[in-house]
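Taking it in order: structure first as structure tokens, then the write-up.
The values are calculated or read from the model by the stated rules, or taken from the named source; none is laboratory data. Just so you know, these numbers come straight off a predicted model, no measurement behind them. All Cβ positions, even for glycine, are placed from backbone atoms using ideal geometry, and neighbour counts span all protein chains on display. Just the protein is used for accessible areas: all its heavy atoms, side chains included, with ligands, DNA and RNA removed. Shrake-Rupley method; radii C 1.70, N 1.55, O 1.52, S 1.80 Å.
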Amino acid sequence: MTKVADSAQAVLVADGLTRRFGDFTAVDHVSFQVRRGEVFGFLGSNGGGKSTTIRMFCGLLAPTEGTARVAGIDIQTQAEEVRARIGYMSQKVSLYANLTVAENLRFFSGLYGVPSQKVEHQKQHFYPRLGLEGLDRSFVHSLPSGIKHRVALVCSLLHDPDIIFLDEPTAGVDVVNRQVFWRLIRELAQEGRTLFVTTHYLDEMEYTDRMGFIDRGQLIGLDTPTGLKTHYAGGYRVRLIHPDQTIVHNAAQRLSEAYRLWRPEAQSEEGAHSTFLLLPDDKARTVEQLRHALTAIDPALGFAPALPSIEEVFAGMIRQRQEAP
């Protein structure tokens with residue numbers, strides 16, 4: 001299941017990363033890598049270790065054990081250099097409510113040492129993409145939550161970082177604003193930036209290139225969204241579809257010699273009937289073979305992916321851990 005990033009392309013590397021607070025271990029010997037230009041999702045329940053991991057990567061918190069590097073820079077010995085290379089947006093918007101949008105940008109640009117000319121360039125670059133035109137003179141306290149989050153994101157991008165940490169950037173944000181955020185996140189990745197994103201919204205993990213599950217400080221899953229679903233389901237699962245249940249059943253019987261049947265009974269779904277098949281590991285070749293085989297049986301026979309949701313995978317992994325002796 002686990003996919004290891006090419007170390008030559010890795011810009012974030014954790015090796016046995018551990019953080020304890022007294023007797024409590026918040027992050028427990030976590031190891032993984034994130035590639036350049038990747039959107040990496042980090043998922044876990046409250047207190048699972050997500051924010052603590054980010055804070056260590058950002059040089060804000062020293063590890064108890066293990067090491068981490070950001071763009072080849074050691075987080076313990078070169079924390080200031082790390083902070084100069086990254087953008088960071090915390091789960092709580094850190095804007096000053098009694099300042100205007102423009103004043104907040106001026107304040108954060110001063111912290112990063114960004115000249116006013118570059119600030120204007122960044123505003124011209126990001127304002128249209130985030131719908132912030134005409135808001136410079138607005139006081140932050142008067143803005144809706146979703147707009148505040150957008151302003152906070154711009155503040156984290158003023159110094160043009162190539163590695164960006166977003167700690168629950170869409171928390172408390174409506175669906176429309178969430179879509180705006182994720183569209184920009186994907187665009188930033190296409191520009192070659194690396195984004196490390198945590199979220200409570202499991203459906204958002206579908207937008208990531210790879211994702212990691214952390215539970216009680218331990219990394220319990222690491223792969224692409226499809227890879228995690230396939231592993232949890234025991235393979236790549238598809239649903240056979242046809243209005244006639246008999247044809248579906250007969251097709252499943254004929255295909256059972258070539259494919260391992262996952263669920264032989266037919267199930268009614270929106271007026272059609274379906275049977276599930278679990279395909280072998282070589283999914284790409286097998287899917288094409290399945291397409292030809294179904295057409296030969298009946299041109300009206302179809303199939304569709306029937307993998308579990310990210311929510312089902314995560315909940316299932318947590319449940320397995322809790323039930324383990």
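Annotation for the range 93-139: trypsin sites (Lys or Arg not before Pro) lying in DSSP loop with at most 11 further Cβ atoms inside 10 Å of their Cβ are ARG137.
A DSSP coil position with no more than 16 other Cβ atoms inside 10 Å describes the following trypsin sites (Lys or Arg not before Pro) in the range 1-89: LYS3. Among PHE181, ILE247, HIS231, whose Cα lies farthest out toward the positive end of the dipole of the chain, if unit charges sit on the beta carbon of Lys, Arg (+1) and Asp, Glu (-1)? Toward the positive end, the furthest listed residue is PHE181.
Protein-only accessible surface at a 1.4 angstrom probe places the residues ASP167, ASP23, ASP160 in the order ASP23, ASP160, ASP167, largest first. For the chain, lysine pairs with C-alpha atoms less than 25 angstrom apart, excluding pairs fewer than eight positions apart on the same chain, total 11. Short-range pairs are left out: with C-alpha atoms under 8 Å and at least six residues apart, the relative contact order of the range 171-245 is 16 percent. Estimated from helices alone, the mean residue ellipticity of the chain at 222 nm is -11500 deg cm²/dmol (sum of -39500 (n - 2.57) over DSSP H runs with n ≥ 4, per residue).
Over all projection directions, the Cα-based convex hull of the range 45-176 averages an area of 8.9 nm². The relative contact order of the chain, computed from alpha carbon pairs under 8 Å that lie at least 6 residues apart in sequence, is 19 percent. The stretch between GLU187 and PHE107 holds 26.2 nm of extra length on full extension. This uses 0.36 nm per residue minus the Cα-Cα distance.
Each Lys and Arg contributes +1 and each Asp and Glu -1, all at the Cβ; summed about the Cα centre of the chain, the dipole is approximately 420 debye. Here the chain carries DSSP beta bridges of which approximately 70% are antiparallel, counting only pairs with both residues inside. Between HIS29 and VAL287, the FRET efficiency estimated from the beta carbon spacing at R0 = 45 angstrom works out to 0.75.
Under Stokes-Einstein, with the Kirkwood radius over Cα pairs as Rh, the value for the range 197-248 at 37 °C and 0.692 mPa s is 246 µm²/s.
FRET efficiency for PHE21 and ALA304, Cβ-Cβ distance as r, R0 = 45 Å, nearest 0.05?
After rounding, the FRET efficiency stands at 0.45.
Think of the chain as a dipole: +1 on every Lys or Arg Cβ, -1 on every Asp or Glu Cβ, centred on the Cα centre; then among THR295, GLY66, PHE108, PHE108 lies furthest on the positive end. For SER145, the solvent-accessible surface with a 1.4 Å probe is about 50 Å², rounded to the nearest 10.
Between ALA84 and LYS118, the modelled label-to-label distance comes to 1.1 nm, taking each label 7 Å out from Cα in the direction of the beta carbon.
Accessible surface comparison of ARG319, ARG150, ARG186, probe 1.4 Å, protein chains only, largest first: the order is ARG319, ARG186, ARG150. Out of these labelled values of Cα Rg over 2.2 N^0.38 Å, [x] 1.18; [y] 0.98; [z] 1.08, which was calculated from the coordinates shown here? Calculated Cα Rg over 2.2 N^0.38 Å: the matching label is [x].
Among THR194, THR230, the order of accessible area from largest down is THR230, THR194, computed with a 1.4 Å probe on protein heavy atoms.
The Cα center of the range 45-101 and the Cα center of the range 104-165 differ in position by 19 Å. Ranking ILE164, VAL151, VAL140 by how far each Cα lies toward the positive end of the dipole of the range 129-172 (charges on Cβ) leaves VAL140 at the top.
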